[in-house]
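Colleague: Dropping a structure here in C-alpha cells format, bear with me for questions.
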Amino acid sequence: MSYLSQMDPEIAEIIEKERLRQTNGLELIASENVVSHAVLEAMGSIMTNKYAEGYPGKRYYGGCEFHDQAENLARDRLKKLFGAEHANVQPHSGTQANMAVYFAFMKLGEKILSMKLNQGGHLSHGSPVSFTGKFYQVAQYGVDPKTEMLDYGVVEQMAKQEKPQIIVCGASAYPRTIDFKAFQEIADGVGAYCMADIAHIAGLCATGIHPNSVGVVNFTTTTTHKTLRGPRGGAIMCNSEYAQAIDKAVFPGMQGGPLMHTITAKAVCFEEALKPSFKEYNRQIVKNAKILAETLMNNGLRLVSGGTDNHLMLVDLTDQHLTGLEAEVALGKAGITVNKNTIPNETKSPFVTSGLRVGTPAVTSRGMKEAEMRRVGNWIAIVIKDIHSDATIARVKKEVTEMSGKFPIYPS
Ligand SMILES: *Cc1c(COP(=O)(O)O)cnc(C)c1O
C-alpha cells in the first residue's frame, strides 16, 4: 500500500476504510467471499500489463509464452476440479459466461426457459432489463407456491409447451438442492440444450457437497468469486464437442483481450480449491448455514421453504410486518451486512421486498463455526424484533465488532 498512499492518498484512504469495514462487520451477503493473500497477489501482479487476445498457442500478440502457461494451468486445474472435458476461463464475469453460451447456441429471437428473477433466478437468465430479455424470447418457471421448491413436473410441462432452445437452471437465491440431471432430461425430451449456471454454488459442486452439473448438463457456467473464493470473473465448462463454439463466442464473439492478471489469479484459486481443506471449508459453509437457519427459525422467523440445503437462506419478513429494505438498513447499522431479496409470491418491488438473503461463505472463510452462527442468528432476530430501538442496534453492533475482531479477514 505504500506506493499507493504516496501516489494517491485519496484512493489509499478509501481502500483502508473499506478494509476496516470488512474487518469490523459481518459479511452475510451470500454472493461474497474473502480471497486469499495468494489470490490478491496474483491479481495485483504484472500479468495485467499484457495483451493476450486469442487462446494459448494461438495469440494475436507476441510475448505471450508465460501468459499461455498461466492460462493453460487455469484451464487444466478447472477441468480437474470439476471433471470437465473443456474449460474457458476468459469470461470477464458470470453474466458474460452466460452470454457466450447464448451467443454460441442460440439465434437472436429464439427462446430461453429459465427461473423467474423474483423467485431466485438471475438477471442474465432473461430479465427484460438485461440483454437476455431484449435479444431472446423468454419463458420462466417459478417454485411451487406451497413448498417453495422447484417442481420438475411444471418445468417439463413448460418445456413441452414453450419449446425453448436452451433451458437454464441455477439461481442466485434458491436455498435448496438443484437436480441437474432432471433438467438435462427435460431438455433432452424437447430437443433443447441445458445450461447450469452454478455461479453461487460452484464451491459446493466442485467438492461434491452439492451434485455437480459438469458432465451432466450440456454447459456449465460459473462465477469464480462466490463460493469458489477466487478473483471476480467467470468461466464455462462443457464437453469437447462444444469447445470450439464456446471459445469462439467468448473471443472474438464478445470480448477482446482477456484479463490475464485475473486469469492468473483464477489459476491460484483453482489450485486452492483442489486441496482437501477446500472441501472442509465448503462442508463448514453448509453446516454454518444449517445452524444459522435453525437459530433464526427458533427465534420465530419464517424461512422460505423451511430451511436450507446450501450456503444461503431467505428470511420472509411478512409476518414481522417489516420490509427487506427496513431490515437490511437496521442490520447494516448493527454491522451485519445482508441484502434485501424478493421471495416467492412477492408483493413488493425489488427495491423494497419482503425478504432477506443471508449466506455463510464469507464468515466461514474467516473461521467462524457453529457457535458464532448461533450468536449471529440471535443478533439478527434481536434487531428484527426491536428494529426501532437505537439502543438495541448499538448493543448488537458492539457485540458484532467484538466478535469480528477475533476473526481477522487477513491474519498476518
Ligand atoms: C452472480 C450470478 C451471476 C453473475 O455474475 P456477475 O459476475 O455478477 O456477472 C450469474 N448467474 C448467477 C446465478 C449468479 O448468482
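Colleague: Please count how many residues of segment 283-309 are farther than 29 Å from Ala206 by Cα and in a loop (DSSP other than H, G, I, E, B).
Modeller: If we filter segment 283-309 for residues that are farther than 29 Å from Ala206 by Cα, which is where we start, we get 297-302.
Filter once more, keeping what is in a loop (DSSP other than H, G, I, E, B): 299-301.
Looking only at that region, the number is 3.
Colleague: Looking only at segment 119-167, filter to residues that are away from the ligand (no atom under 12 Å from the Cβ) and of a type in the set (S, T, N, Q); which one of those is modelled with the lowest pLDDT?
Modeller: Taking the candidates together, the pick is Gln119.
Colleague: I'm checking my understanding of the structure. Among residues of segment 212-224 that are under 15 Å from Leu81 (Cβ atoms), in contact (Cβ under 8 Å) with a residue 60 or more places away in the chain and not β-branched (Val, Ile, Thr), which one is farthest from the ligand (Cβ to nearest atom)?
Modeller: The residue in question is Gly215.
Colleague: Mind checking which pairs have a first residue in segment 150-172 that is over 28 Å from Met313 (Cα atoms) and a second that is buried (at least 22 other Cβ atoms within 10 Å of the Cβ) and polar (S, T, N, Q), Cβ under 8 Å, 6 or more apart or different chains?
Modeller: So the pair list comes out empty.
Colleague: In the same structural domain as Met195 (by TED's automatic domain parsing) and assigned to a helix (DSSP H, G or I): which single residue out of Gly133, Gly121 fits that description?
Modeller: Details: Gly121 fails: assigned to a helix (DSSP H, G or I).
Matching residue, one of Gly133, Gly121: Gly133.
Colleague: Just to check your reading of the model, which residue among Val89, Val101 is in contact with a Lys or Arg (Cβ under 9 Å, 6 or more places away or on another chain), assigned by TED's automatic domain parsing to the domain that holds His210 and β-branched (Val, Ile, Thr)? Walk me through it before giving the result.
Modeller: Numbers: Val101 fails: in contact with a Lys or Arg (Cβ under 9 Å, 6 or more places away or on another chain).
After ruling out the rest, the residue left standing is Val89.
Colleague: Just a yes or no: is a residue in segment 240-262 buried (at least 24 other Cβ atoms within 10 Å of the Cβ) and either within 12 Å of Ala87 (Cα to Cα) or at pLDDT below 95 (or both)?
Modeller: Yes, segment 240-262 contains a residue that is buried (at least 24 other Cβ atoms within 10 Å of the Cβ) and either within 12 Å of Ala87 (Cα to Cα) or at pLDDT below 95 (or both).
Colleague: Also: Find the residue count for segment 84-114, including only residues that are of a type in the set (Val, Ile, Thr) and over 17 Å from Gly126 (Cβ atoms).
Modeller: Taking segment 84-114 and keeping what is of a type in the set (Val, Ile, Thr), we get 89, 95, 101, 112.
After this cut, where a residue has to be over 17 Å from Gly126 (Cβ atoms) as well, the list is 89.
The qualifying residues number 1.
Colleague: How many of the residues making up segment 157-174 are under 16 Å from Glu185 (Cα atoms) and out of contact with any Leu (no Cβ under 8 Å at 6 or more places or on another chain)?
Modeller: Total satisfying the criteria: 7.
Colleague: Would it be correct to say that Gly170 is surrounded by 19 or more Cβ atoms within 10 Å (Cβ to Cβ), at pLDDT 95 or above and small (Gly, Ala, Ser)? Talk me through it step by step, then tell me what you get.
Modeller: Working: surrounded by 19 or more Cβ atoms within 10 Å (Cβ to Cβ): yes; at pLDDT 95 or above: yes; small (Gly, Ala, Ser): yes.
Judged against the criteria, Gly170 is a match.
The values are calculated or read from the model by the stated rules, or taken from the named source; none is laboratory data. As the structure is a computational prediction, the values presented were derived from the model and not from experiment. We place every Cβ from the backbone using ideal geometry, glycine too, and count neighbours over all the protein chains shown.
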